Amino acid sequence: MIDKTNTLEKAIQTISDGSTLMFGGFGVPGTPFTLIDGIIALGVTDLTLIKNEANEDGMGLSKLIEAGRSKKLITSHLGLNATVIGIMNRREIEVEFYPQGILAEKIRAGGAGLQGILTDIGMGTILEKNKQVVVMDGKPTMIEPALRADVALIHASVADRYGNLVYEKSARNFNAAMATAADRVIVETEHLVEVGELDPDQVHTPGAFIDHIVLLDQLSKEYGILKRHVT
Amino acid sequence: MSLKEIIAKRAAREIQDGSIINLGIGIPTLIPKYLDATKTVIVHSENGIIGMGQACPRGAEDRNLIDAGGRYVTVNSGVSFCDSVLSFSLIRGGRLDLAFLGALEVSKTGDLANWIIPGKYSPGIGGGMEVAQKAKRLIVTITHTDRKGRPKILDSCTLPLTAGKCVSTIITELGVFDILETGLHLREISKETDIDHIIRNTEADIILPEGELLVF
């Protein structure tokens with residue numbers, strides 16, 4: 001039986017200066033906070049980071065950026081993170097913005113072994129600048145190259161030892177696509193079960209895409225309820 | 001009732017039974033509490049919820065259930081969850097019947113600017129561009145003027161566009177405006193204002209209805 005469980009330290013040891021990393025999560029749900037803390041402790045720098053947003057100030061991906069470890073961020077929206085917007089405005093980090101679903105689709109294409117996608121989203125806006133435009137079915141569309149990473153870091157609710165994954169509620173978000181789009185895929189999981197225990201029809205990401213599983217022995221405060229979003 | 005609540009309450013009346021809708025940040029997030037309980041409305045949230053409910057009551061929060069603005073939410077019976085790829089397939093693939101977005105500027109031809117003020121405000125694009133471009137019907141919910149009292153409904157937008165010719169209807173605290181081939185049509189007026197006040201606070205020319213001007 002294949003058992004992909006590993007320690008956090010061993011799972012992330014191939015990450016080095018200059019690596020391109022993608023992170024699941026949309027806000028708190030699905031963000032691999034423990035893996036991010038491990039990367040901070042590893043001390044690597046000059047990272048290119050890919051994530052829907054940069055979490056909120058002082059949390060998750062924001063901590064890596066605030067620590068000056070990242071040269072470039074590829075993302076969709078930073079509206080809830082004034083600190084990273086400040087770092088971007090001071091030009092201490094290069095930021096590339098994409099429409100959220102186009103970011104997801106670029107990652108999907110990368111995971112599907114495609115070279116890119118064609119889209120009319122953003123045609124006629126400043127997004128068209130510097131993009132290669134082709135006419136498809138009589139309509140101008142832009143080419144968006146596919147996106148892959150050296151390592152994808154994702155969060156699951158349940159994993160079996162082979163890496164079959166189940167996500168919970170709105171925590172699925174970018175995790176599912178990112179699990180397919182990196183040379184090495186590391187998942188942190190809240191629960192670990194034996195192979196054969198998951199209903200195969202309920203698996204969201206097949207274990208064939210996963211390289212390392214890190215079992216979370218506890219969830220840090222960052223995974224909990226954020227007071228400022230309580231009504 | 002605040003201006004934003006007035007706008008949200010009027011906006012809720014535009015929603016048809018059985019429709020799939022998406023709500024942007026700001027005023028649109030106030031709309032669910034004004035939904036007609038006799039209607040079935042499927043609220044889609046970009047982060048992968050199809051069948052979102054109301055804002056979550058204090059103390060009942062689920063750490064894995066937020067809307068796209070980070071607020072804790074509830075879900076309705078029949079909800080399903082999906083990943084970001086599928087969530088945007090719903091949007092770009094044309095399954096979104098109606099969307100509500102905020103705006104910095106809207107033009108009389110339906111151009112929308114709501115994501116960037118170059119040099120001042122550029123938090124990113126988010127899901128708004130795809131929603132604006134692909135929803136079957138887009139309603140902009142805005143206060144009629146900005147904080148300095150300047151009109152937001154213009155002849156043409158001065159800011160970079162989110163999408164061109166995408167807005168169907170504009171709802172402000174003063175009125176409901178439909179954007180048609182013929183121009184900007186006032187459909188309904190608030191009982192708190194009059195036509196002269198609306199004309200003075202709107203840069204674009206307004207076309208009045210030939211029949212009765214409804215009041216809300």
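Each value in this text was obtained by applying a stated rule to the coordinates, not by laboratory testing. These numbers were taken from a predicted model, which means no experiment stands behind them. So basically every Cβ, Gly included, is an ideal-geometry build from the backbone, and we count neighbours across all protein chains shown.
Observations, loosely collected:
- 3J(HN,Hα) along region A:143-150, derived from phi through the Karplus expression 6.51 cos²θ - 1.76 cosθ + 1.60 where θ = phi - 60°, amounts to 8, 10, x, 5, 10, 10, 10, 5 Hz, with x in place of Gly and Pro.
- Only lysines eight or more places from residue A:71 in sequence, or on another chain, were considered; those with a Cα closer than 28 Å are A:10, A:51, A:63, A:106, A:129, A:131, A:221, B:120.
- Sequence of B:38, A:48, A:189 once ranked by neighbouring C-beta atoms within 10 Å, starting from the fewest: B:38, A:48, A:189
- 9 Å beta-carbon shell around residue B:55, net charge (K/R +1, D/E -1): +1
- Global size of the protein assembly as shown as Cα Rg and Dmax, reported in angstrom: 22.7, 78
- With the convex hull drawn over the C-alpha atoms of region B:84-216, the volume per residue is 114 Å³.
- Approximating the spin labels as points 7 Å out from Cα along Cα→Cβ, the residue B:5-to-residue B:215 distance works out to 2.2 nm.
- Taking A:205, B:143 and counting other C-beta atoms within 10 Å, the order from fewest to most: B:143, A:205
- In degrees, nearest ten, helix B:3-12 long axis to first principal axis of chain B (Cα): 70
- Computed from Cα atoms, the angle from the helix A:100-111 axis to the main principal axis of chain A rounds to 70 degrees.
- Nearest 10 degrees, 0 to 90: helix A:33-42 Cα axis against chain A principal axis: 90
- Alpha-carbon Rg/Rh ratio, for region B:1-95, with Rh computed the Kirkwood way: 0.95
- Phi angles across region A:219-226 convert, under the Karplus curve 6.51 cos²θ - 1.76 cosθ + 1.60 with θ = phi - 60°, into 3J(HN,Hα) values of 9, 5, 4, 4, 6, x, 6, 8 Hz, Gly and Pro given as x.
- In this structure, the amide hydrogen of residue A:185, modeled 1.01 Å from its nitrogen in the peptide plane, lies closer than 5 angstrom to those of A:152, A:211, A:212, counting only residues at least 5 positions away or on a different chain.
- Taking a ≥ b ≥ c as the square roots of the eigenvalues of the alpha carbon gyration tensor, region B:1-48 is oblate, as a/c is not under 1.5 and a/b does not beat b/c.
- Over chain A, the reciprocal of the mean inverse Cα-Cα separation, the Kirkwood hydrodynamic radius, stands at 18.2 Å.
- Per-residue Cβ neighbour rank within 10 angstrom, fewest leading, A:107, A:40: A:40, A:107
- Summed side-chain charge close to residue B:182 - residues other than residue B:182 whose Cβ falls under 12 Å, Lys, Arg +1, Asp, Glu -1: -3
- Under Karplus coefficients 6.51, -1.76 and 1.60, residue-wise ³J(HN,Hα) of region B:179-191 in Hz, glycine/proline x: 9, 10, 3, 7, x, 8, 9, 7, 9, 9, 10, 6, 5
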